[in-house]
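Engineer: One structure is given below, represented as structure tokens, and several questions about it will come after.
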Amino acid sequence: MDTGRRAVGRWLRRLPRPYTLRARLTAGLVVLLAVSCAAVGVAAVIELDGFLTGRLDQQLIEVGTQFPASLEHKGQTLTDHDADDRERGDTRRQAPHTFGARLVDGVVTNSGVVPADKDDTTTDLKVALTERDRRELAAVPVGGTARTIHLSSLGKYRVLAAKGRDGDVMITGLPLESVEATVHRLEAVEAIVFGAALLIAGFAGALWVRWSLRPLSRVAATATRVSELPLASGEVTLPPRAPESDPRSEVGKVAGAFNRMLGHVEDALTHRHASEERLRSFAADASHELRTPVASIRGHAELALLHPDPVPPKVTRALERITAESARMGVMVDEMLLLARLDAGRPLERRPVDLTHLVLDAVADARAAGPDHRWALQLPEEPVTVTGDAHRLQQVLANLLANARLHTPVGTKVTVGVETGEGATSLTVHDDGPGVPMEVQPGVFERFTRGDRRRTEGGGGSGGGAGLGLSIVAAVTEAHGGSVRLESRQGSTTFTVWLPAT
């Protein structure tokens, strides 16, 4: 039994399951209707079978023991016609296929069955009974209710036993074939009618469920369009709201709540865009306004250092620091101004650029700035040309090489490579330094992100900087329609820039 349950469970788990709400509702409707039809069909079959069997039992009571009693004695002196009937068994007023048997002390002494044609005097009425048939007949209770037995040569019979005049037992039986045929016909009709009803109900239910869930489908379509919008930055225009149905229904409540949520999202995006615009405008204005005073401070410091009169060493050192920091601040202001312009979507130059030439110049500058590093090139034999802004692409290269030089120890090998592929050109900067810490990698291209000191220990620089170099690399690359990626682990760090092919 347990094995059978497990087999049924495995079979049910293998059945395909509907995943959409519409399919589930339709399937549930069809299953409920199928269960209802099965319950009605089973109840109707049981009721009809009981009713027809009861009619057959009543007929057995009315027939009595006339036919089996006529099998009791043979050879009495009667008229010729009566003698023949008594010899063969009295089939008068008996239904065709009526069965009769006489038992003495539990042993069948005579048995017979009424032929289909009662007037046929040539047919032998005797029935061949097996040992099992005799045991079933002997087990029929005398004076009790009718019961069903199966005779080997006749089939299923409804039989009734009664006491005879000589202490023997008379058994009368009527065939169940007509009852079973009627019940089977009802089962066939139910199967056809219920099957057709299930098909029609399934089709109509699918249409009804689909019509009822149309507002929910519109909500899903609106949500899909919203999910495809670039919500990370910039001004966003949300699609029209989902149409609302009856607010008293569940679908109407979902649509109303979804539209209210979209309204809140749109307000938040509008406020965020306004804040971004104010911040971008402030960064651009502040950077622009700072360029002049920073340049003035640097100029005055350099002028003071050129003064011919003797200057105390501490003053000289202070002027040198002012000059260095003002220069660094000037670079920072220029970088912030560049990022503000890129954020504002200002277009870059779109001209053919010899990327190979840019790489050669950038590596030559990096070699001069970091002679203690090992610099290598992996360039194709033919020059590689891309479309873009040469100055900004040169800045991308300079920032990547400066990052490798400043954040790796002396003796690190830095390899710059260029490859062309289908529809894109890749520029890689690889070093065998200590790698970028895992906790820093997710935000390495964000502004003001600075690497861990472990990457700069023993490096050729101080590891300083405002943390804008890699964010400029990402912004310039994206402005060219490309992308940048970092892959880093201990002993291997690779920055890869993809640019659209010319």
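Engineer: Using a simple spin-label model with points 7 Å from Cα along the Cα→Cβ vector, what separation in nm is obtained for Arg22 and Lys126?
Structural biologist: In this crude label model, Arg22 to Lys126 measures out at 7.5 nm.
Engineer: For the stretch 137-218, what Kirkwood radius comes out of the mean inverse Cα-Cα distance, in Å?
Structural biologist: 17.4
Engineer: Then there is this: Across the stretch 351-500, what fraction of all alpha-carbon pairs, as a whole percent, falls in each successive 10 Å bin from zero upward?
Structural biologist: So the P(r) values, bin by bin, are 12, 45, 35, 8, 0.
Engineer: Under the 0.36 nm per residue contour assumption, what length would be gained going from the current alpha-carbon distance of Thr53 and Arg485 to full extension?
Structural biologist: So the chain would gain 147.1 nm between Thr53 and Arg485.
Engineer: I would also like to ask the following. Using a 10 Å cut-off on Cβ atoms, rank the peptides 318-331, 299-312 from the highest mean neighbour count down.
Structural biologist: Packing proxy ranking, top to bottom: 318-331, 299-312.
Engineer: Further question on the same structure: Of the listed peptides 188-199, 22-33, what is their order by residue-averaged count of other C-beta atoms within 10 Å, with the highest listed first?
Structural biologist: The packing order, highest mean first, is 22-33, 188-199.
Engineer: For Thr425, what residues show an amide H to amide H distance below 5 Å, using hydrogens built from the backbone and excluding near sequence neighbours?
Structural biologist: Under 5 Å from the amide H of Thr425: Leu499, Ala501.
Every read-out reported here was derived from the displayed coordinates using simple, explicitly stated rules and does not represent laboratory data. Since the model is a prediction, treat every value here as computed from it, not as a measurement. Every residue, glycine as well, gets a Cβ built from its backbone with ideal geometry; the counts of neighbours run over all protein chains shown.
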